[in-house]
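Presented below is the structure to which this report refers.
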Amino acid sequence: MHTVSRLIAIVLFEDVDLLDVTGPPEVFSLARRETDEAAGYDVVLAAETMDPVTTGAGVRVLPDVTFDELSGRSIDTLIVPGAVEVDGQRAVHPRTDPAVVDRVRQLAERTRRVTSVCVGAHILAAAGLLDGKRATTHWSTAQQLAADHPAVEVDADPIFIREGDVWTGAGISACLDLSLALIADDLGEAVALRVARQLVMYLKRPSGQSQFSVPLEQVSTTRRIEDLRHHIMRHIAEPLTVADLAACAHVSDRQLTRIFKNELGTTPYAYIESVRVEAARRQLESTDATLERVATACGFGTVDTLVRAFRRRLDMTPTEYRRRFRTGAIAHI
């Protein structure tokens, strides 16, 4: 069988996420095995020098080539992993070293297909490679990506997004999903499915990142909206109409809607639903309460309303969510 050579280059730099670097090679190696070497994937790790690179996990990784050596070769796929810093409040901030951004920009010029994993999308964006394109990244930094790069259409939910020859992946483990998608693009879904089976993975995950994210973490800039948010949490089981919230804030209904739009980028109804879904998620994960009790406690009123909200926001039912995310120790309420 004719072997097609495909050079896969993974960018290395200090504090890079380890799984972003090691996950894709494992997937591509299985593709070679499942196709009797016909895939022809040649995976190399590229860095500024040949010195060991210390990953964010503290594990040192040895590069295969330097960026200068790689610049003279024709690259099929460039994979740009991410790195983060975590502050005292455990907030995650992506790292975008200007030197790494410059190298990625240069290498992309001689690459057929450019991809990022997790917060590596911030590096692609800084290099100007996502301008005018739809892209994803880890849900925790999606708002920052959108704020820092207005020319990028950020969608925080998909596990990965393809825009022509530019692909972006979501959270750290999504490097596996993205690699499977690249194999499917190169060799067909049948091969990708065989690889997915070896990895004990879905070929395509059901639902997106919203099943893992915490949508209520956004911070408002005014005391008034913060007071409203606390009011919603304290009265989550009650009807909570726009009129009730407007009265609480001492504004008109129209002013309230405008405040939510400007401060949180959503409507009062949508925000209330997101709070209720988040509360229901916590109960489904940590208790064995019936759906009726969850619906009542979280203000949905009926199980049908609860189910519709979960389908709308998480693309799955409450029962499916509980089955997938229920913790081992269950508290009775």
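The values are calculated or read from the model by the stated rules, or taken from the named source; none is laboratory data. Treat the numbers as computed from the prediction; the structure is a model and nothing was measured. Reconstructed Cβ throughout: ideal geometry from the backbone, glycine too, with neighbour counts over all protein chains shown. Heads up: the accessible areas ignore ligands, DNA and RNA and are worked out on the full protein's heavy atoms, side chains in. Shrake-Rupley method; radii C 1.70, N 1.55, O 1.52, S 1.80 Å.
With a cut-off of 16 Å on the backbone N, the residues of segment 260-284 near the modelled label site 7 Å out from Glu226 along Cα-Cβ are 263-264. Think of the chain as a dipole: +1 on every Lys or Arg Cβ, -1 on every Asp or Glu Cβ, centred on the Cα centre; then among His149, Gly265, Thr241, Thr241 lies furthest on the positive end.
For the chain, the membrane-span-like helix rule (DSSP H, alpha carbon extent of at least 20 Å along the helix axis, mean Kyte-Doolittle at least -1.0) picks out 18-34, 268-286; this says nothing about an actual membrane. Projected label points at Arg324 and Gln106, each 7 Å from Cα along the beta carbon direction, are separated by 4.2 nanometres. How much of the accessible area of the chain, in percent, comes from carbon and sulfur atoms when a 1.4 Å probe is used? Reported share for carbon and sulfur atoms: 51 percent.
For Asp97 and Cys248, FRET efficiency with R0 = 41 Å and r from the beta-carbon atoms, rounded to 0.05? If you can, show how the numbers build up before the last one.
Numbers: r = 46 Å, r/R0 = 1.13.
Here the calculated transfer efficiency is 0.35.
Per residue, the chain exposes 48 Å² of accessible surface when a 1.4 Å probe is rolled over the protein heavy atoms with every protein chain present.
Please compute the length gained on full extension between Ala237 and Ser5, using 0.36 nm multiplied by the number of residues separating them and subtracting their Cα-Cα distance.
Values: separation 232, 0.36 × 232 = 83.52 nm, distance 5.96 nm.
Between Ala237 and Ser5, full extension yields an extra 77.6 nm.
Projected label points at Gln198 and Arg60, each 7 Å from Cα along the beta carbon direction, are separated by 3.1 nanometres. The Cα center of segment 101-179 and the Cα center of segment 84-99 differ in position by 16 Å.
The structure-derived value of Cα extents along the principal axes in Å appears in the list (1) 57, 46, 37; (2) 67, 39, 35; (3) 58, 43, 41 under the label (2).
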